[in-house]
Amino acid sequence: MSDSARSAEERRLVAEFHERERRSEAKYPSSDGKPMSENDFQGHAIRYFDAAVRLHWYAGRSNVYVSSDLLIYAKEGDRAAVAAPDLFVVIGTRNLPRCSYRLWEEPKPPDFALEVASPSSWKRDLKEKKDIYQTMGVKEYFACDPRAEFYEPPLQGFRLRNGVYVPLVSERRAGVWTLHSEVLGLTFRQFGKEVRLMDPATGEDLPTHDELLSAREKLLSAQRQSAARAEAEAVRRQAAEARVAELEACLAQQRQRGP
């Protein structure tokens, strides 16, 4: 298939995908009417995880889909069989915007799901929701408690083995709780009321949304300064060249007039 034919086929598939999402929303609502977060501890954590994973860790990956608080429908025709993780990741599907994630229309269930504890949800996170994600076939399910008030330890993880979730063991060193996700290739770190994701290859935490914006602004500022310096240098070079041309013209006139 030629490049133009592949491009046309891709456009057709994307158009069909968007049309499928448009039609699905009437039958499978995109909202459950519940707020995304109950407090700043939960809200800040959810926004951090979304920015760190979607905008940084998997940036530019067309075959990885990352979403926050999107409804996942487990069974066709059953709007009650639904969950809305605070974050979930699917590796090996199109990275295109969806109204909801319907398992029977997708190539696979999510590989990873995360819930962030709140006063009203933390008990269900480790019971009903864990059972839901196990039934869906989600490879890894993590639950974190950014307030460090509801869970002990504050980082809880489960990995699917033979269709059943097996608890993972969190480690604590120097007051920092850690729990590694094989699916994401990232290590969750919790210290006090702060939760971060660390790249174990570099030992560096993934940036927050504010840090990403700050880094982008610094880059843009450096680019503007570089452009300004280049423009100033070009002006100086042009002035020097003009001065040299002027001097050469004067010398040529002097030679023509003779001694």
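Which cross-chain or sequence-distant (5 or more) residues have an amide H under 5 Å from the amide H of Y101, H modelled 1.01 Å from N in plane?
The answer is L71, I72, Y73.
List the longest stretch of the chain that has no exposed loop site; here a site is one of the trypsin sites (Lys or Arg not before Pro) assigned by DSSP to anything other than H, G, I, E or B, with at most 13 other Cβ within 10 Å.
Working: sites that count: R61, K127.
The reported range is 128-259.
Considering the chain as a Gaussian network with a 10 Å cut-off on Cα pairs, which listed residue, A245, A45, A84, attains the greatest mean-square fluctuation?
Residue with maximal mean-square fluctuation among A245, A45, A84: A245.
Could you give log10 I(q)/I(0) at q = 0.16, 0.18, 0.21 Å⁻¹ for segment 114-203, computed by the Debye formula over C-alpha point scatterers of equal weight, without solvent?
Debye curve over Cα of segment 114-203, log10 I(q)/I(0) at q = 0.16, 0.18, 0.21 Å⁻¹: -0.62, -0.77, -1.02.
If you compute Rg/Rh (Cα atoms, Kirkwood Rh) for the structure shown, which of (1) 0.97; (2) 1.26; (3) 0.93 do you land on?
Identified label for the calculated read-out: (2).
What are the semi-axes of the equivalent ellipsoid for segment 33-107, taken as the square roots of 5 times the Cα gyration tensor eigenvalues, largest first, in whole Å? The partial results should precede the final answer.
On the way: eigenvalues 90, 73, 10 Å².
Each semi-axis is √(5λ); the values are 21, 19, 7 Å.
Most mobile of P29, P154, P207 per a Gaussian network model of the chain (Cα springs, under 10 Å)?
Residue with maximal mean-square fluctuation among P29, P154, P207: P29.
Between N162 and K75, how high is the FRET efficiency from 1/(1 + (r/R0)^6) when r is the Cβ-Cβ distance and R₀ = 25 Å? Nearest 0.05. Don't jump to the answer; show the numbers that get you there.
Working: r = 22 Å, r/R0 = 0.89.
Computed FRET efficiency for N162 and K75: 0.65.
The numbers here are math on the coordinates, done by the rules we state, and not lab data. Because the structure is predicted, anything quoted here is derived from the model rather than measured. Every residue, glycine among them, receives a Cβ derived from its backbone with ideal geometry; neighbour counts consider all protein chains shown.
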